[in-house]
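These notes concern the structure reproduced below.
The values are calculated or read from the model by the stated rules, or taken from the named source; none is laboratory data. The model shown is predicted, which means the values in this text are computed figures rather than measured ones. For neighbour counting, all protein chains shown are included, and Cβ atoms are generated from backbone atoms with ideal geometry for every residue, glycine included.
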Amino acid sequence: MLVSINWLKDYVNTQQLPPAELGEKITRSGIEVDAVIDRSHGMTNVVVGYVESCVKHPEADKLSICQVDVGEETTQIICGAPNIAEGQKVIVARPGAKLPGGMKIKKAKLRGEESNGMICSLQELGIEGKLVPKAYAEGIYVLPADSETGSDVIANFNLDDTVLELGLTPNRADAMSMLGVAYEVGAILSEEVKLPEISYQESADTAASMLTLTVDAPEANPLYVAKVIRNIKVQESPMWLQQRLMAAGVRPHNNVVDVTNYVLMEYGQPLHAFDYDLLGTGNITVRHAKEGEMITTLDDAERKLSAHQLVITNGKKPVAIAGVMGGANSEVSDATTTVVIESAYFESGSVRQTSKDHGLRSDASSRFEKGVDPNRVIPAAERAAQLLSELAGGEVLSGSVVFDKVSKDEKIVKVSPDFINSRLGMKIAFEEMLDILNRLKFTTEAVNGQLVISVPTRRQDIQIPEDIIEEIARLHGYDEIPATLPEAETTPGGLTPYQAKRRIVRNFLEGAGLLQATTYSLTSEKSAKQFALEKTETTRLLMPMSEERSILRQSLLPHLLESVTYNTARRIDSVALYETGAVFLKGNDELLNEQEHLAVAITGLWLDNSWQGEKKPVDFFVLKGIVEGLGAKLGAELTFERGQMDDLHPGRTAFVVLGGQRIGVIGQLHPSEQKARDLKTTVVMELNLAALLNLETESLVYTQVPRYPSMSRDVALVLSKFVEAATIENVIRSAGGKLLKDVRVFDLYEGDKMEEGKKSVAFSLTYFDPEKTLTDEEVTKAHDKVLAALTEVGAELRS
Amino acid sequence: MEAQLQELKTQALEKIASASTVKELNDVRVAYLGKKGPITDLLKGMGKLPAEERPKMGALVNVVREQVTSQLEGRMVLLEEEAINAKLQSETIDITLPGRPVKTGNSHPLTRVVEEIEDLFISMGYEVAEGPEVEKDYYNFEALNLPKGHPARDMQDSFYITEDVLLRTHTSPVQARTMEAKGGEPIKIICPGKVYRRDSDDATHSHQFTQIEGLVIGEDIRMSDLKGTLSVFAKKMFGDDREIRLRPSFFPFTEPSVEMDISCFKCGGSGCNVCKKTGWIEILGAGMVHPNVLEMAGYDSKRLTGFAFGMGPERIAMLKYGVEDIRHFYTNDVRFLSQFQRTEL
Ligand SMILES: [Zn+2]
């Protein structure tokens, strides 16, 4: 909502407050002032000029040489506008003038001809192009013939004005009108509100003699008022009206349309004007549309109507979509002589639905949607009649055609002063509460210590005692509220074990060298299931903004890998990222099964200390180590089983298993996937983090630190390339007996010194007895059993 | 013989003094004090002396031997120390070379902000509550006093999956769920999480972002308690000398509703580019829980009251760290993420 302060002063005394100060007061009391706009934009030296003569420039087709009377003198100005003509009153920026945007006017020569200033368009005065009347949109603006030559344009045409731009919350529909803002400012400044005085001559003929009205949808349209005005002359509106509309962000058209818009801005009540003769039937019928019925609206769009949409008809065919937009078939034009002015109360839900159906939002629909004031419907129609009789020479037919079933009762809210103070945590005196309510123009009575408040219908946001608390608090001042803390007994607070462990996981991963990433949950059809541990039906948005963000992800890896590529494309070759977040699987009920996952993606060098000659590229085992460490941290006994997954290297992929359930995958990207993503060797991991975090761990009890030394024996084995270390380790463990405490691979050799198809793996075995120091013989005895078992499974001992 | 002994001593001491390495000195030791050395020879030759001279001569030889030995040992300590020093000297490294890097990662800046806020409220007795990101229309809107067709629903255009299920547009449904689950009992929670709105991504908008909300319900919770709580938060988060101010606002789920500004932490209130010359920065929205919301969740709004507040970690991170584009939080540029390693304590 754009509020011209000059216009506002018609209704309320603003106490000569500087605009910024007024704006600040309004903001602090509840309606945010987003901007304070000086309409003059600091302009100077812009006057009314009279074009005495105008001839073509001999050297330039598009330029005219004008002799312009600017009051003090007649001076030559070159003008490039196509609509410049002799005899016009125009806006002249004199040499030395400053225009919005910082342009300074100087004397100049244009193609050899002197030019002492500039004849201006409205755009050059800082008015947005879309607000400039169509007739002047492509050229200079022509002032009314009675404008005083040499007078100051800024002062005379309301450009010495400031506009407050209000950022209205949906509850404050009352402030979508100048009168509504006047009530607000009146309450803040303790000033009275002056309503427009409505009086006009009525003709002897009645409106009812020319127009009949039928309302077939009283629920959607409980109040309809029509006035008939004849013998009007459609023309440009006077300057003051055009300027007020432009200040309010409305483009002037002609006096009839401008009056309906003016009253809309003034009262917040949308009006519509029909050309009576084009209606053709002398009848207005409000009804629901027939399914499939057509109407061409004022924006020249042909629209198909549905049965739930409300239309205004002439008894035969639709002439407007109620509360949304008029029809082209009854539009007011220069030829119009008789108009029907409609002022109505359309039910908000109906208008909201219809405006949504057609993708049409107008100044009218946005007000109906939030609910107009039923007590302003009739005054707004009267006000329009008055202005049309004043500005268009119209003859107002007496009375109105009315259908009225709407309730205009004021809401009664009862609240006790104690209740207000206890909810606020402060003491506001009863007298002050009364004063605030009076300033708001809420009729208030004190009955048995209770405030009984009658809330005007313009304030439909006030329904319950808490609403009154807010009104009193905001006008008393939020700064006055003290700062206290809740007095209730203290609670311990804290994280759940799940949440605490999530933080442990993050700390562990970050300590291991991974950076936490955050990516989007919405993805494309193509990426939704890639790398998903559990593939379920995907979930699609009803109305996605793009295909790229249309489906809920089932794996974190696709986006995480996009982030890796983003970095490598910027020459950051080593990237190690992790992310925790939900994946969205089909659930049992209407909601999804949201599973918290952990994903890691790493590429490039894992270890890079090049001047010491240490460089280690990432590989499968880097990630396996991280997962193992994580398992140890969380007390989860994780195992790994060879597996395969699309887009992962078939020989370098393993599933992570917890308690017999696959809860994750580790793998190197398949070379073709790496290529597709423009990546070098990249390893990835994704885990069902929830499964890990939900695991209940046992309490920690320490095991005694060994009192006796352990002894170790190494064994190097020649094995077939396809025998897995874990298989051999199992053989060793089961043969080693209770003295064998630990088995560890310490060397792997697959080089060319080995026979084809063979590899050498070396294990270090640790023997230990908690009761005593082991003797060599005891160790040898146990170890020999291991060697025998190894030989039995075909492992060849290497010397 | 005595002269011979003195001569020997002089020679030995000279050689000791001139020995410049441990090895040379060892050679001197062997040459003079060894089993085949001249002093041993002298002792061996004492048998030829008259018996009465032997004790005197023996004592003399021992004195000389001790003198030589002591000189030699003293010199040996010196030379050994020199040798060690020389060795250490040769082992000097260039300490200006870079250290072996410790591999470190760090949290995402949004996690950092969220955890900081969580910890602050945990210390004030709050629990952390979480809920689903795909939510029922009921919890996201209806239970929060936003029935179907409510004009405020336009404020947050949403991603629907079915007519009744959508991506939550705020973390408030967690409040609604918690209230329902608590069955009328007091509540003190903080709810962080991801939320989604139909916005085109640009420097200040993101279709996915994070929120953190708080909810307190109890007996006699007053608006002054909200103000006091937010004041503690502002000081902890943005500095002890921060002041707060509340401005009236509107949210369907609170009444009265407020927006909270803090005095600008950059200029202190005199006006700068961070606060757009106003001296104040808008940080969060809050209010007293609307009685309809309490009643819908089964609370007796006459007996229990509450306050709620909500803020955007993106906005806070942008203000705190001077980040100019919200998309940085979702691009995961390593050069951006790795800047959030250092502590600010
Ligand atoms: Zn500042």
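Here are the numbers for the structure shown:
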{"item": "Of all residues making up region A:148-191, the number that are of a type in the set (Gly, Ala, Ser), in contact with a helix residue (DSSP H, G or I) (Cβ under 7 Å, 6 or more places away or on another chain) and assigned to a loop (DSSP other than H, G, I, E, B)", "result": "2"}
{"item": "Flag for A:Tyr262 being under 23 Å from A:Glu395 (Cβ atoms), under 35 Å from the mean Cα position of the chain (by Cα) and of a type in the set (Ser, Thr, Tyr)", "result": "yes"}
{"item": "Residues of region B:125-151 satisfying the condition of being facing another protein chain (nearest Cβ under 7 Å), touching a residue at least 60 places away in the same chain (Cβ under 8 Å) and touching a Lys or Arg at 6+ places or on another chain (Cβ under 9 Å)", "result": "B:Gly125, B:Tyr126, B:Glu127, B:Glu133"}
{"item": "Residue within region A:254-264 that is more than 30 Å from A:Arg459 (Cβ to Cβ) and surrounded by fewer than 23 Cβ atoms within 10 Å (Cβ to Cβ) present", "result": "yes"}
{"item": "Meets criteria (within 14 Å of the ligand (Cβ to nearest atom) and of a type outside the set (S, T, N, Q)) for B:Gly271", "result": "yes"}
{"item": "Where B:Pro98 falls short, out of the listed (1) more than 8 Å from chain A (Cβ to nearest Cβ); (2) assigned to a loop (DSSP other than H, G, I, E, B); (3) farther than 30 Å from A:Leu485 by Cβ", "result": "(1)"}
{"item": "Residues within region A:686-724 that are aliphatic (A, V, I, L, M) and farther than 19 Å from A:Gly659 by Cα, tallied", "result": "10"}
{"item": "Condition check for B:Glu213: under 29 Å from A:Ser29 (Cα atoms) and either touching a helix residue (DSSP H, G or I) at 6+ places or on another chain (Cβ under 8 Å) or within 16 Å of the ligand (Cβ to nearest atom) (or both)", "result": "yes"}
{"item": "Number of the exception - B:Asn62 against (1) touching a helix residue (DSSP H, G or I) at 6+ places or on another chain (Cβ under 8 Å); (2) in a helix (DSSP H, G or I)", "result": "(1)"}
{"item": "Verdict on B:Asp325 being within 16 Å of the ligand (Cβ to nearest atom) and not aliphatic (A, V, I, L, M)", "result": "no"}
{"item": "Residue selected from region B:277-320 under the condition in a loop (DSSP other than H, G, I, E, B) and facing chain A (nearest Cβ under 10 Å), by the criterion farthest from the ligand (Cβ to nearest atom)", "result": "B:Lys302"}
{"item": "Close pairs (7 angstrom Cβ cut-off, 6 or more residues apart or separate chains): farther than 13 Å from B:Gly239 by Cα in region B:266-278, more than 7 Å from the ligand (Cβ to nearest atom) and of a type in the set (D, E, K, R) anywhere", "result": "B:Gly271/B:Lys277"}
{"item": "Test set (1) within 18 Å of B:Arg315 (Cα to Cα); (2) surrounded by fewer than 20 Cβ atoms within 10 Å (Cβ to Cβ) - B:Gly193 fails condition number", "result": "(2)"}
{"item": "Candidate set from region B:208-237 (those that are among the small types (Gly, Ala, Ser) and more than 7 Å from chain A (Cβ to nearest Cβ)); member that is nearest to B:Thr169 (Cα to Cα)", "result": "B:Gly214"}
{"item": "Test: residue in region A:718-726 that is assigned by TED's automatic domain parsing to the domain that holds A:Ser555 and in a helix (DSSP H, G or I)", "result": "no"}
{"item": "Any hit, region A:703-711, residues being at pLDDT below 90, within 60 Å of the chain's Cα centre (by Cα) and farther than 17 Å from A:Ala789 by Cβ", "result": "yes"}
{"item": "Scan of region B:209-232 for residues that are part of a strand (DSSP E or B) and touching a Leu at 6+ places or on another chain (Cβ under 7 Å), ordered by number", "result": "B:Thr210, B:Ile217, B:Gly218, B:Glu219"}
{"item": "Entirely in region A:384-498, the strands (runs of 3 or more DSSP E) that have 2 or more residues that are within 14 Å of another protein chain (Cβ to nearest Cβ) and either under 37 Å from the mean Cα position of the chain (by Cα) or at pLDDT 95 or above (or both)", "result": "A:411-415"}
{"item": "Residue in region B:255-268 that is farthest from the ligand (Cβ to nearest atom), counting only those that are of a type in the set (A, V, I, L, M, F, W, C) and surrounded by 17 or more Cβ atoms within 10 Å (Cβ to Cβ)", "result": "B:Val258"}
{"item": "Residues (closer than 25 Å to B:Thr305 by Cα and either within 16 Å of the ligand (Cβ to nearest atom) or in contact (Cβ under 8 Å) with a residue 60 or more places away in the chain (or both)) located in region B:229-249", "result": "B:Thr229, B:Leu230, B:Val232, B:Phe233, B:Ala234, B:Ile244, B:Arg245"}
{"item": "Residues being more than 9 Å from chain A (Cβ to nearest Cβ) and within 22 Å of B:Ala297 (Cβ to Cβ) - total across region B:241-253", "result": "1"}
{"item": "Among (1) in contact (Cβ under 8 Å) with a residue 60 or more places away in the chain; (2) surrounded by fewer than 16 Cβ atoms within 10 Å (Cβ to Cβ); (3) of a type in the set (D, E, K, R), the one test that A:Arg506 misses", "result": "(2)"}
{"item": "Matching strands (runs of 3 or more DSSP E) fully within region A:591-677 where at least 3 residues are more than 30 Å from B:Gly131 (Cβ to Cβ) and in the same structural domain as A:Val564 (by TED's automatic domain parsing)", "result": "A:605-609, A:614-617, A:638-642, A:648-658, A:661-669"}
{"item": "Residues being within 14 Å of chain B (Cβ to nearest Cβ) and on the phi > 0 side of the Ramachandran plot - total across region A:596-640", "result": "2"}
{"item": "Answer from A:Ile84, A:Ile91 - the residue that is buried (at least 19 other Cβ atoms within 10 Å of the Cβ) and part of a loop (DSSP other than H, G, I, E, B)", "result": "A:Ile84"}
{"item": "Selection count where residues are crowded, with 17+ Cβ neighbours inside 10 Å, more than 9 Å from chain A (Cβ to nearest Cβ) and in contact (Cβ under 8 Å) with a residue 40 or more places away in the chain, scope region B:324-335", "result": "1"}
{"item": "Qualifying residue in region A:132-142 (condition: among the small types (Gly, Ala, Ser) and under 15 Å from A:Glu52 (Cα atoms))", "result": "no"}
{"item": "Top-ranked residue in region B:51-108 [being buried (at least 16 other Cβ atoms within 10 Å of the Cβ) and under 58 Å from the mean Cα position of the chain (by Cα); ranked as nearest to A:Gly613 (Cα to Cα)]", "result": "B:Gly105"}
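This table checks each residue for (1) among the aromatic types (Phe, Trp, Tyr); (2) in a strand (DSSP E or B); (3) within 34 Å of the chain's Cα centre (by Cα).
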position	(1), (2), (3)
B:Ala234	no, no, yes
B:Leu246	no, yes, yes
B:Pro256	no, yes, no
B:Cys267	no, no, yes
B:Cys272	no, no, yes
